[in-house]
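The structure under discussion appears below in the form of structure tokens.
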Amino acid sequence: MLTNLVVVAAVALAASTLQAISGFGFALLAVPAMAAVVEPRVAVVVCTALGLVTSGVQAVAERRHTDVGLARRLMLAALTGMPVGLVVFLVVSDSVLRLLLAVGVAVAVVVLARGVDLRHAGPFFDRAMGFVSGVLSTSLATNGPPLVFGLQARQLAADTFRATLATVFVLSGVVSLGAFLVTGQVEGVAVAGTVVGLPAVALGAFTGRRLHALVDPRRFRLLVLGLMSLAAASALVSALTA
């Protein structure tokens, strides 16, 4: 048990550093890594709680860069998708969910790599991405891919991208964690994992914020594409080996 908690803390440190640099990626890295040492559903709950902390710090620290109107559309749409995701979390197998996530993220990577520009797309596009992120938030704790795709397709500057994404993550995290509490998903192992992960998350957020200024716009885009590719591969491997 102690070894498992050490792994949870190490994963939280790496994932929170990554998120502070790129604006996302905590759950994409942390959920599959933690699921190797704890039950997948426990990993989802722990990552939701810890992700809320790292996103909250980032949202507050970079709030002046947030696109408030865009964040509002995404958050409201996410709220409508969360009940659907909670039902999926309770009744659908992890392998099916991860397979669907892998396919969806892979498609998004291909579209983004081709340089799609959706700056002039209507608000329906934002609402669609927000809804899908809400479903993924309460089912797999990996609501980042549709939001990343939507914000990157709108060609946002790196600071605006990170701040807007963090703001949406905060609301999603609060609602998701509340849903897990109400449905009795927060148990002893999840609480222990969250407690040991908190100091690691704080250290990772501190380190990442000092590193993200070193990433120029071109490298930032490559980092985003690389992380999404890793997310697709990770979800696919998890689905096929579950």
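Coordinate-derived values only; no laboratory data. Quantities reported herein were computed from a predicted structural model and do not represent experimental measurements. So basically every Cβ, Gly included, is an ideal-geometry build from the backbone, and we count neighbours across all protein chains shown.
A few points about this structure:
- With contacts taken as Cα pairs under 8 Å at a separation of at least 6 residues, the chain carries a relative contact order of 40 percent.
- The phi-based Karplus calculation (6.51 cos²θ - 1.76 cosθ + 1.60; θ = phi - 60°) puts the 3J(HN,Hα) values of the range 4-20 at 4, 5, 5, 5, 4, 5, 5, 5, 4, 4, 5, 5, 6, 5, 4, 5, 5 Hz, whole numbers, x for Gly and Pro.
- Q155 long-range amide H proximity, modeled H, under 5 Å: L118
- H212, H65, H120 arranged by Cβ crowding within 10 Å, fewest neighbours leading: H120, H65, H212
- Between 0 and 90°, nearest 10: helix 40-61 axis offset from the chain longest Cα axis: 40
- Long-range amide H partners of V92 with built H, under 5 Å: none
- Residue-wise HN-Hα couplings along the range 63-77, as the Karplus relation 6.51 cos²θ - 1.76 cosθ + 1.60 with θ = phi - 60° gives them from phi, are 4, 5, 9, 5, 7, 4, x, 5, 4, 5, 4, 5, 5, 5, 5 Hz; Gly and Pro carry x.
- Once the trypsin sites (Lys or Arg not before Pro) in DSSP loops with at most 14 neighbouring Cβ atoms within 10 Å are cut out of the chain, the longest remaining piece is 120-242.
- Helical runs (DSSP H, four residues minimum) scored at -39500 (n - 2.57) apiece and divided by the length of the chain put the mean residue ellipticity at 222 nm at -28000 deg cm²/dmol.
- Per-residue HN-Hα couplings for the range 196-203 [Karplus 6.51, -1.76, 1.60; θ = phi - 60°; Hz; x = Gly/Pro]: 6, x, 4, x, 5, 5, 4, 5
- GNM result for the chain, Cα springs below 10 Å: residue of A36, A78, A59 fluctuating most strongly: A36
- Put simply, the chain fits an ellipsoid with semi-axes of 25, 20, 17 Å; these come from the alpha carbon gyration tensor as the roots of five times its eigenvalues, largest first.
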